[in-house]
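> One structure is given below, represented as structure tokens, and several questions about it will come after.
The values are calculated or read from the model by the stated rules, or taken from the named source; none is laboratory data. In this text the structure is predicted, and so the values were computed from the model without any measurement. All Cβ positions, even for glycine, are placed from backbone atoms using ideal geometry, and neighbour counts span all protein chains on display. Remember, those area values only see protein heavy atoms, side chains included, never the ligands or the DNA or RNA. Shrake-Rupley method; radii C 1.70, N 1.55, O 1.52, S 1.80 Å.
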Amino acid sequence: KVVYMKVVAIVQARMGSTRLLGKVLKEVAGKPMLEHVISRLKQAKTLDEIMVATSVNERDEPIIELSKRLGIDCFIGSEEDVLDRFFKAAEQARADTIVRVTADCPLIDPYIVDHIVSYHFRENLDCTRNLIDEANPKSFPRGLDTEVFNMDVLKRCYELAKKTYHREHVTPFVYEHPELFKLAVLEAPENYRRPNYRLTVDTRDDLQLIREIYRQLYVRGEIINMKSVIELLDKHPELPRINAHVQQKKLKRLPAIDL
């Protein structure tokens, strides 16, 4: 008997970013950034559903409105306790497996999402993510961050994780307890190994780079291929320099395995 597993991408989105307020709805090529994230995820073959998880804060109303307009379910939960928000969103979606994505990654790669989900199932893992680490030459560019975990893992985190940063970041508890979970951190395939390219949006300079990439490569009704992005940045080193100085908030590192 084949057991059907429902795979749900939950996109973490809120307006209250400290470094760039309202960043997830900033316009990129005539559309809010979150809309690009959703369009790109729709191209992933392994996903059964896409859901946005936002907060009860009234400034997040525009995120709820956009989700409605795009026909995407939107869960509204705790602003600070993101783990609580994620768990309840996954419950509402009746997810068996969750793909966690953040709304500030407007070049999230559906091909890599599929790669990671497939690996996760093939190896029967609890939690799988890609290597995002500027110090590691085998890392993906930041902004392709994709994390896959099973509902029972999320439930255990929800019940056991007590520290504030555990609740704010969803999965640190998992990585701090490798004895409890089967984990994998996947290295980038060779043509994706660009640890110094920053394709996420935390600051105005990040946004400037993303807008420039979209200006040069975006065709309405299509999504930008990551190969084209890497070629563009390799060919024009002045582009990645736009946001090369931006520091990422640090979280715990883990050893990676080859994809």
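> Run through the DSSP bridge list for the chain and note the antiparallel percent, rounded to the nearest 5.
30
> Right, next: I need the phi-derived Karplus couplings for region 155-169: 6.51 cos²θ - 1.76 cosθ + 1.60, θ = phi - 60°, integer Hz, Gly and Pro marked x.
So the J values, rounded to whole Hz, are 5, 5, 4, 4, 7, 9, 6, 10, 5, 4, 5, 5, 7, 7, 10.
> While we're here: From the backbone phi of region 190-207, what are the Karplus-calculated ³J(HN,Hα) couplings (6.51 cos²θ - 1.76 cosθ + 1.60, θ = phi - 60°) in whole Hz, Gly and Pro given as x?
These are the phi-based 3J(HN,Hα) values: 3, 6, 9, 6, 9, x, 8, 7, 10, 10, 10, 10, 10, 9, 4, 5, 4, 5 Hz.
> Please turn the phi angles of region 126-141 into ³J(HN,Hα) values with the Karplus equation 6.51 cos²θ - 1.76 cosθ + 1.60 (θ = phi - 60°), one per residue in order, whole Hz, x for glycine and proline.
Residue by residue, region 126-141 yields 8, 8, 9, 9, 8, 6, 10, 7, 4, 7, 10, x, 9, 7, 6, x Hz.
> What residues from region 216-232 fall in the zone where the backbone N is under 17 Å from a label point 7 Å along the Cα-to-C-beta line of E190?
Under cut-off, by backbone N: 227, 231.
> Moving on to the next point. Can you give me the distance in nm between label points at H177 and H245, each placed 7 Å from the Cα along the Cα-to-Cβ direction?
Roughly 4.2 nm, to one decimal.
> Given a 1.4 Å probe and the protein chains all in place, what does the accessible area of H115 round to, in Å² to the nearest 10?
Here the residue's solvent-accessible area equals roughly 60 Å².
> Out of residues 5 or more away from E147 or on other chains, whose amide H comes under 5 Å of its own, with H placed 1.01 Å from N in the peptide plane?
Those qualifying (amide H under 5 Å, at least 5 residues apart or on another chain) are R100.
> Please list, in chain and number order, the residues 5+ apart from D73 or on another chain whose amide H is under 5 Å from its amide H, with Hs placed from the backbone.
V52
> Take the cross-link list K138/K182; K6/K182; K162/K182; K88/K227; K42/K163 and give me the ones stretching past 25 Å between alpha-carbons.
K88/K227; K42/K163
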